[in-house]
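What follows draws every value from the coordinates through simple rules; no lab data is involved. This one's a predicted model, so the numbers in the text were calculated from it and none came from an experiment. In this analysis, Cβ positions are derived from the backbone assuming ideal geometry, glycine residues included, and neighbour counts consider all displayed protein chains.
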């Protein structure tokens, strides 16, 4: 093939590489980081929150579909999660030719599904109430963090409930959505938040939801399997920031992480217990239901001072998770972009040689 042939071959090859460059991973990674920044600055909107809107829609669908059988719950979960996943896919398809638009859509979706800043603020608000010895205010605030009955809880139990909730929700509200966004983009962000919201709505054990909520609960367990363990590992690495020891934290995580009734919550709570040097677990009251949770950790019972330490640890884990998610996003999409570019280049080269 002469010089003119090489020119004909090189020109379309360059166009293919340029086209692939527009699909490089920066939009997804930048969108995730921008969404984290938006959450840090603005937290959750007080009105019109997309998750609240989804919750109302899911509740309306439940009223139409409810039946005391797993099949009804499977249908409800599939319709709710499938609907938001379709919205995510449509958003990505609509922005596939504009990296800037893709980054903006990813940032908006990330901001909508993250809850790290609001979680930290609730933790600090609880600490302030307990530091002021204002038990009524502290009991009233607990409903913002978990579903336990606070009416009879004293300061020590309120502190334990807060630390446990901060630990578990650091994974659910920050680490998990970021990792799902890293590997699956906007559809992953929206679908994960839908699954987690449905679990909170119908996935708990009660006469009404024992069977109907089964699908949402099992899907949430599966969706959090990797993120919860990642959150535990990040807490091990961040433990020195709260006066903890990575070795001790890792030991408590390995020994106690599986003791929690949830396959995932124990990984986060045991890691926080090890990092903070406290013991978590005990008797939890949810309305008329009493649960006896195994103890995790080797230290004393948590007190008010440990709430602020848990918030500091949660922020460190969240920041680390953002970095990990951005790196995963770049790696996962870079590989597919390069492979696509090489395939296009080879096709153009073969066609040019044939001519």
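Given 4 °C and 1.567 mPa s, how large is the Stokes-Einstein diffusion coefficient of segment 86-181 in µm²/s, with Rh as the Kirkwood radius over Cα pairs?
So the translational diffusion coefficient is about 84 µm²/s.
With a 10 Å radius around each residue's Cβ, average the other Cβ atoms per peptide and rank 296-306, 111-121, 67-77, highest first.
My ranking of the peptides, most packed first, is 111-121, 296-306, 67-77.
Treating the angle as unsigned and between 0 and 90°, give the value, to the nearest 10°, between the Cα long axis of helix 26-42 and the longest Cα principal axis of the chain.
30
In terms of the Cα gyration tensor, with a ≥ b ≥ c the square roots of its eigenvalues, is segment 60-133 rounded because a/c is under 1.5, prolate because a/b exceeds b/c, or oblate?
It is oblate, given that a/c is not under 1.5 and a/b is not larger than b/c.
Taking a cut-off of 22 Å, what percent of all Cα-Cα pairs in segment 179-259 are separated by more than that?
44
Based on the Cβ-Cβ distance of residue 210 and residue 57, what FRET efficiency does E = 1/(1 + (r/R0)^6) give at R0 = 30 Å, to the nearest 0.05?
About 0.80, to the nearest 0.05.
Provide the FRET efficiency to the nearest 0.05 for the residue 135-residue 283 pair, computing r from the beta carbons and using R0 = 30 Å.
That gives a FRET efficiency of 0.95.
Normalise the Debye intensity by I(0) for segment 124-263, one equal point scatterer per Cα, no solvent, then take log10 at q = 0.12, 0.19, 0.21 Å⁻¹ and round to two decimals.
-0.60, -1.25, -1.29
Once the Cα atoms of helix 99-113 and of the chain are each reduced to a long axis, what angle between those two axes, in degrees from 0 to 90 to the nearest 10, is obtained?
Here the helix axis deviates by roughly 10 degrees.
Per residue of the chain, what 222 nm ellipticity follows from adding -39500 (n - 2.57) for every DSSP H run with n ≥ 4, rounded to the nearest 500?
About -24500 deg cm²/dmol.
Using the Cα atoms of segment 3-354, I'd like the radius of gyration and the largest Cα-Cα distance, Dmax, both in angstrom.
For segment 3-354, the Cα radius of gyration and maximum Cα-Cα distance read 23.1, 86 Å.
How long is the gain from residue 290 to residue 42 if the chain were fully straight, where each residue apart is worth 0.36 nm and the alpha carbon distance is subtracted?
85.6 nm
Would you mind checking the tilt of helix 3-21 against the longest principal axis of the Cα atoms of the chain, expressed as 0 to 90 degrees and rounded to 10?
On a 0 to 90 degree scale, this one is about 20.
Quick one: 201, 126, fewest Cβ neighbours within 10 Å first, how do they rank?
201, 126
Which residues does a label at residue 64 reach in segment 83-106, if reach means a backbone N under 14 Å from a point 7 Å past the Cα toward the Cβ?
Backbone N within reach: 83.
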